Every structure is written in structure tokens, then in C-alpha cells.
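The values are calculated or read from the model by the stated rules, or taken from the named source; none is laboratory data. Just so it is clear, the model here is predicted, and its values are computed rather than measured. No Cβ is skipped: glycine too gets one built from the backbone with ideal geometry, and neighbour counts run over all protein chains shown.
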Amino acid sequence: MKKPANNAGHAPRSVANPTPSIIGSDVEIEGNVRTVGELQLDGSIKGDLSCGGLVMGETGAVKGTISADTVTVRGKVTGEIRARTVRLESSAVIDGDIYHESLSVEAGARLTGHFAYTSSPTEKKLGGTETPAFVEAKPAAE
């Protein structure tokens with residue numbers, strides 16, 4: 001029996017409607033992760049994460065910058081979050097700044113850092129008016 005050629009009989013993967021991805025609690029990634037789709041994160045990432053939407057479970061952890069349209073955090077983030085909509089659930093622990101258009105925080109969530117409304121949270125503008133002044137390093141008071 002003759003085998004079909006590569007991709008024969010298979011529909012091409014559509015980037016317009018990508019399959020959601022899951023990173024399990026036993027997975028540790030060192031390096032940047034990028035997807036246009038939704039991501040369920042129960043493992044850990046040491047690096048920057050860019051995705052369409054992120055749902056982080058209680059065992060999930062990111063050490064780096066998160067950039068997404070929507071972010072729901074139940075785990076730990078050490079670094080920046082840049083998203084249109086950010087939801088911190090009661091088990092969330094954030095050590096870093098949050099740039100958002102919409103932010104909701106449940107009682108019990110812990111945030112060490114700043115949060116600021118911006119009309120373009122996923123774009124990092126150097127020297128622009130969208131990045132709040134508190135981001136600039138200031139000398140310690142004597």
C-alpha cells in the first residue's frame with residue numbers, strides 16, 4: 001500500500017484559530033516562549049512569554065515578562081505583566097509591575113510592585129509617554 005505524501009489528506013494548521021497549548025506542572029522551560037494562541041501554564045518558564053491569552057494555574061510560575069491580550073494568574077510571576085486584561089486570583093503572587101487596560105484583583109492576591117493603566121500595555125515604549133514615570137530608576141534618598 002502506498003503511503004500518502006507529506007500533508008496529503010491532512011488539513012493545514014490554521015494560524016487564525018490555533019489549538020490551545022498546555023504546559024504541565026512537571027515541565028520546566030528555560031528560554032522564551034511564543035504562541036499566538038491560548039496557553040494554560042501549570043509548569044514554570046524562566047524567560048519571556050508572549051501569547052494570545054494566558055491562564056496560569058496555582059503551580060504555574062514565570063520569571064520574565066508576560067505579554068498577552070488576557071492574563072489570569074493563580075501562580076507566581078517574577079517580572080512584568082503587559083496585557084489588555086489582567087486578573088489576579090486569590091492565590092496569585094506577583095513580584096513586578098503590571099501594565100493593563102483592565103485589572104481585577106481578588107482578596108488574598110499579593111502584588112509587590114506597581115500597576116498602571118496604559119492604552120497599549122503590550123507595547124514597550126522607551127522614552128514614550130505610555131511608560132509611567134515610576135519605571136525610571138531613581139537614586140535612593142540619603
remark   = Over the range 52-90, the set of residues in a loop (DSSP other than H, G, I, E, B) and touching a Gly at 6+ places or on another chain (Cβ under 7 Å) is G57, E58, T59, G60, G64, T65, R74, G75, G79, E80, S90
query = Which one is modelled with the lowest pLDDT among residues in the range 112-133 that are farther than 14 Å from A83 by Cα and outside any loop (DSSP other than H, G, I, E, B)?
reply = A133
key: So P12, is it modelled with pLDDT under 95 and surrounded by fewer than 10 Cβ atoms within 10 Å (Cβ to Cβ)   = yes
message = From the list V62, V71, V77, V86, exactly one residue is surrounded by 21 or more Cβ atoms within 10 Å (Cβ to Cβ), out of contact with any Ser or Thr (no Cβ under 9 Å at 6 or more places or on another chain) and either closer than 24 Å to E28 by Cβ or at pLDDT 95 or above (or both). Which is it?
response = V77
query = Give me the pairs: first residue in the range 30-51 and in a strand (DSSP E or B), second residue of a type in the set (G, A, S) and buried (at least 17 other Cβ atoms within 10 Å of the Cβ), beta-carbon distance under 6 Å, and six or more apart or on different chains, which are they?
reply = R34/S50; E38/G53; L41/G60; S44/A61; S50/S67; C51/A68
